[in-house]
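What follows is a set of notes on a single structure, which appears directly below.
The values are calculated or read from the model by the stated rules, or taken from the named source; none is laboratory data. Since the model is a prediction, treat every value here as computed from it, not as a measurement. All Cβ positions, glycine included, derive from the backbone under ideal geometry; neighbour counts span all protein chains shown. Protein only, heavy atoms only, side chains kept; ligands, DNA and RNA dropped before computing areas. Shrake-Rupley method; radii C 1.70, N 1.55, O 1.52, S 1.80 Å.
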Amino acid sequence: EPDPLLPPVDDHQGMVRIFTDPGIVGIGLSLEHAVPDPEAPETRARRTRELHTALAFNMLQQRLNKMALQRDTSFIAPQVNVSTNLQGWRVSSLSFPSKQLAWRLLTADAEQALRRARTYGFTASELAEAKKAFRTYYEQGARSAATTPSDSLATQLAVSIANDNVFSSPGIIW
């Protein structure tokens, strides 16, 4: 049921909620976008699409991390995530914490970073860096698969069954 203290939100407009706590210094901007993600059978095409999405989010995360290190950037420790934990939905989320109280500057910096990624995409070197990170992740998973504790394997199997996924290998965590 909608919160009676908040204005109604239609399908074409975002929702803004402001929480204040005088004990916390700074602000945070969080953006979430949910889209229907109908259940699809476990296929190579689906896994490829999910890998491409993960690579894109990794590249955006790395780009934002580099931007956060620059002196004139308003945000620190940005977080990029895509989740399919809510059955039938894919939720993309971005978080931009800031030590500053300049919410307009933070919003402008976040919007500019996202617009740049959507308009121009990523560079070949950003893609190579993301591929290298994924390759390392999978290689480490493969090397440690033989020593994976039984309770961890059981959990991975249970999660795969609950999510209607194929459990492919103890070295690959989805």
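Largest first and in whole Å, the equivalent-ellipsoid semi-axes of segment 42-141 read 27, 17, 13, each the square root of five times a Cα gyration tensor eigenvalue. A Förster radius of 41 Å, combined with the Cβ-Cβ distance separating residue 119 from residue 150, puts the computed FRET efficiency at roughly 0.25. Site pair residue 57 and residue 112 shows an inter-label distance of 2.7 nm when each label is modelled 7 Å from Cα along Cα→Cβ. Estimated at the nearest 10 Å², the accessible area of residue 42 is 50 Å² with a 1.4 Å probe.
Solvent-accessible area of segment 73-174 (1.4 angstrom probe, protein heavy atoms only): carbon and sulfur portion equals 58 percent. Residues whose amide H lies under 5 Å from that of residue 89, counting only those 5 or more places away or on a different chain, are 37; hydrogens are built 1.01 Å from N in the peptide plane.
Using heavy atoms of the protein chains and a probe of 1.4 Å, the accessible area assigned to residue 107 is about 60 Å². Considering only protein heavy atoms, what per residue accessible area in square angstrom results for the chain with a 1.4 angstrom probe? That works out to 75 Å² per residue. Once the Cα atoms are used to define both axes, helix 150-162 deviates from the longest principal axis of the chain by about 70 degrees. Compared with the dominant principal axis of the Cα atoms in the chain, helix 103-120 is inclined by about 50°. Taking 20, 119, 136 and ordering them by how much accessible surface each has at a 1.4 Å probe, largest first, produces 20, 119, 136. Between 0 and 90 degrees, the angle of helix 124-144 with respect to the longest Cα principal axis of the chain falls at about 50 degrees. Gyration tensor analysis over the Cα atoms of the chain returns equivalent ellipsoid semi-axes of 33, 23, 17 Å (largest first, whole Å). Using a basic spin-label model with each label point 7 Å from the Cα along Cα→Cβ, how many nm lie between residue 37 and residue 103? Calculated label separation equals 2.9 nm. Between 41, 22, 97, the Gaussian network model of the chain with springs among Cα atoms under 10 angstrom shows the greatest mean-square fluctuation at 22.
Each principal axis of the Cα atoms in segment 106-151 has its own extent, and those three values, largest first, are 48, 26, 12 angstrom.
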